[in-house]
Each structure stands twice: as C-alpha cells, then as structure tokens.
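Enquirer: Structure incoming, see below.
The values are calculated or read from the model by the stated rules, or taken from the named source; none is laboratory data. All values reported here derive from a predicted model rather than from experimental measurement. Don't worry about glycine lacking a Cβ; one is built from the backbone with ideal geometry, like all the others, and counts go over all protein chains shown.
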Amino acid sequence: MKNKFYVIIPIVAFVVIFFNAFFGHLIFSSGSDETINKYSIYVHLQPEWNSYPGNILFDVTTTWTRPNANIYSFDYDTNLEPQEQNFNQLEFLGEKSFIELQHEFSNCESSWKPILYRYAIDTVRNRIEFFQGNELNGDPYASSFPIKKNLNYDLNSQNEKIRGGYVQFVPICTDKEITSYEFSLKINDKKNGFDVYFVPSNESINEFVSGGSFSHYSEASCFGQNYQSFNGYCNNVDKDSGLMIVIPDEMNLSLTKVVVSLIEKKQ
C-alpha cells in the first residue's frame, strides 16, 4: 500500500502543477484576510536534562485573520538563510538549560505562502492522512489531529513526570483584544504523553516551573493532559495568550517532533 502512495504523490503533484499553469489563481484563492504564519522552534537540551543529548522540534502553523500581511513564499524547511533566523542565547527552565532557535517569521508580522511544488505535495499528503484517519481537516495548513490518549501510564504518573519536564510557549497571532482559537497538536514520541494548556500569557511558564499553581483557561476544551495527539478550542482568550506545552524529561528520541496547529475562529 505504501508503494502505491509513493506512485500516487508525484502523479497528483504533476496534475496540480499543470492545472496551476492555467488556473493557479483558483488553487491559491482564499479570503484576502487569511494569513498563514508558519515557523519552527528548535530546542537543544543541555547536559542537566535526563533527555540529553536529545533535541525537540516544534513545527508550528498559525492561521489567522490579518489584512495586508507581508507575504513570503519560500520553502521554510530547506531554504533558510542565516538572516532569516533568530539565534537565541542559552536559556533556562529552573536549573536546566537549553539552546533555542526560532525563525524570524514567528513574530506574526509576516504571512507564509507555499511555493507551488510544496503546496502540491502537502495537499496530497493531507488527503492520504485524511483517508487514513490521521487528519480530521482537508486543509493542509489548518490541521486537526484525532484525540489519542497516552496509554503507557496513567494521569497520576504524568502529573509527577511533567514537573521536571520541558515547557514551551507557543503564542497566538491576532489583531483583536479578545479572540477565539481552535488548536491541535501531536508528538512523535510513542512512549510519552504531553500536557497542553491555553494560557493567558507566557508568564504561566514561570508559575509552572516554580512548582505552584499556574494560570490557564479552565474550560474543558482549553486543555488536555497525558495525550499523544489532541485537538480542542478556547473561546474569548486574550491577545497575549497561547499554548503551554509540557513534555516529560524522559525523551529517548534524538529528535522529538511536536506538530502544532493554531486556527483563529472567524467571528
């Protein structure tokens, strides 16, 4: 079956490219105010972590409403130049250090648009995952993943594990004071579960790391605990809000990948 997919993908991609030569405006047509902000966050853990020398990659796509955004159409995965990255210094979570690298397009100031071959491949891949049940949305840049609990251990064990875990804040993009968002994420680590919370600001990370209670939106659809794949929504959130993702410090993969999708709800 996989061999058939490898044959189908280039065929469909060729058809999309050929069709685009005559009807390209239809392929990429969307509301003029819809903006895609696509970037990645690369984290290199230092020796204080049990997961060292592991790395974490957060692949983030945010779809939101913003008129007249600056549009970039390069393939961000492979063609990044040094000036298109932000090189960050050594950072800390409590006593544990890490190095984080983000692309400059994580600041909500620019709109990403896929180049033609990337759009074709992503569309075909999305359709395959949709029919396999691994994707719930037919839009390749507004992903929604099925809910999958982590069955390797229970919630009590998760609550103990995450206290020393890695914590990442992923901000939303909006030009409103108050907005609503759908969100979805998945992890490629099959032995660990993540926690995710919609929080009012990145200050919640400091509260979490300090060991006390931390601020988050309390509606049931705004958070998930001990999942390997999750989707939810959170209404009436502040413009400074975002996702707080927590992963136990027991990662065994050389690269743990977390795919994150944020979609602003039209009002």
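Enquirer: Tell me which residues, restricted to the stretch 160-212, are within 14 Å of Asp238 (Cα to Cα), in contact with a Ser or Thr (Cβ under 7 Å, 6 or more places away or on another chain), of a type in the set (A, V, I, L, M, F, W, C) and not in a loop (DSSP other than H, G, I, E, B).
Expert: Result: Phe198, Val199.
Enquirer: If the requirement is being crowded, with 21+ Cβ neighbours inside 10 Å and in contact with a strand residue (DSSP E or B) (Cβ under 9 Å, 6 or more places away or on another chain), which of these qualifies: Ser229, Ser221, Ser261?
Expert: Criteria check complete, one pass: Ser261.
Enquirer: Can you work out which of the residues in the stretch 94-106 that are at pLDDT below 75 and out of contact with any helix residue (DSSP H, G or I) (no Cβ under 7 Å at 6 or more places or on another chain) is surrounded by the fewest Cβ atoms within 10 Å (Cβ to Cβ)?
Expert: The residue in question is Ser106.
Enquirer: Can you tell me which of Ser241, Ser254, Ser215, Ser204 is among the small types (Gly, Ala, Ser) and without any contact (Cβ under 8 Å) to a residue 24 or more places away in the chain?
Expert: Ser215
Enquirer: What do you reckon, is Asp154 over 19 Å from Glu34 (Cα atoms) and either of a type in the set (A, V, I, L, M, F, W, C) or surrounded by fewer than 21 Cβ atoms within 10 Å (Cβ to Cβ) (or both)?
Expert: When the stated conditions are applied, Asp154 passes them.
One line per residue, one yes/no per condition, for (1) acidic (Asp, Glu); (2) assigned to a helix (DSSP H, G or I); (3) modelled with pLDDT of 50 or more:
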| site | (1), (2), (3) |
| --- | --- |
| Ile17 | no, yes, yes |
| Tyr42 | no, no, yes |
| Phe58 | no, no, yes |
| Asp75 | yes, no, yes |
| Asn79 | no, no, no |
| Phe92 | no, no, yes |
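Enquirer: Please verify whether Ser221 is under 20 Å from the mean Cα position of the chain (by Cα), outside any helix (DSSP H, G or I) and among the polar types (S, T, N, Q), treating the condition exactly as stated.
Expert: Details: under 20 Å from the mean Cα position of the chain (by Cα): yes; outside any helix (DSSP H, G or I): no; among the polar types (S, T, N, Q): yes.
Spelling it out, it is not the case that Ser221 is under 20 Å from the mean Cα position of the chain (by Cα), outside any helix (DSSP H, G or I) and among the polar types (S, T, N, Q).
Enquirer: Also: Exactly one condition in (1) at pLDDT 95 or above; (2) in contact with an Asp or Glu (Cβ under 8 Å, 6 or more places away or on another chain) is false for Asp249; which is it?
Expert: All conditions pass for Asp249, except number (2).
Enquirer: In addition: So which of Val124, Val167 ends up being modelled with pLDDT of 95 or more and either of a type in the set (A, V, I, L, M) or farther than 25 Å from Glu100 by Cβ (or both)?
Expert: Values: Val124 fails: modelled with pLDDT of 95 or more.
Result of the check over Val124, Val167: Val167.
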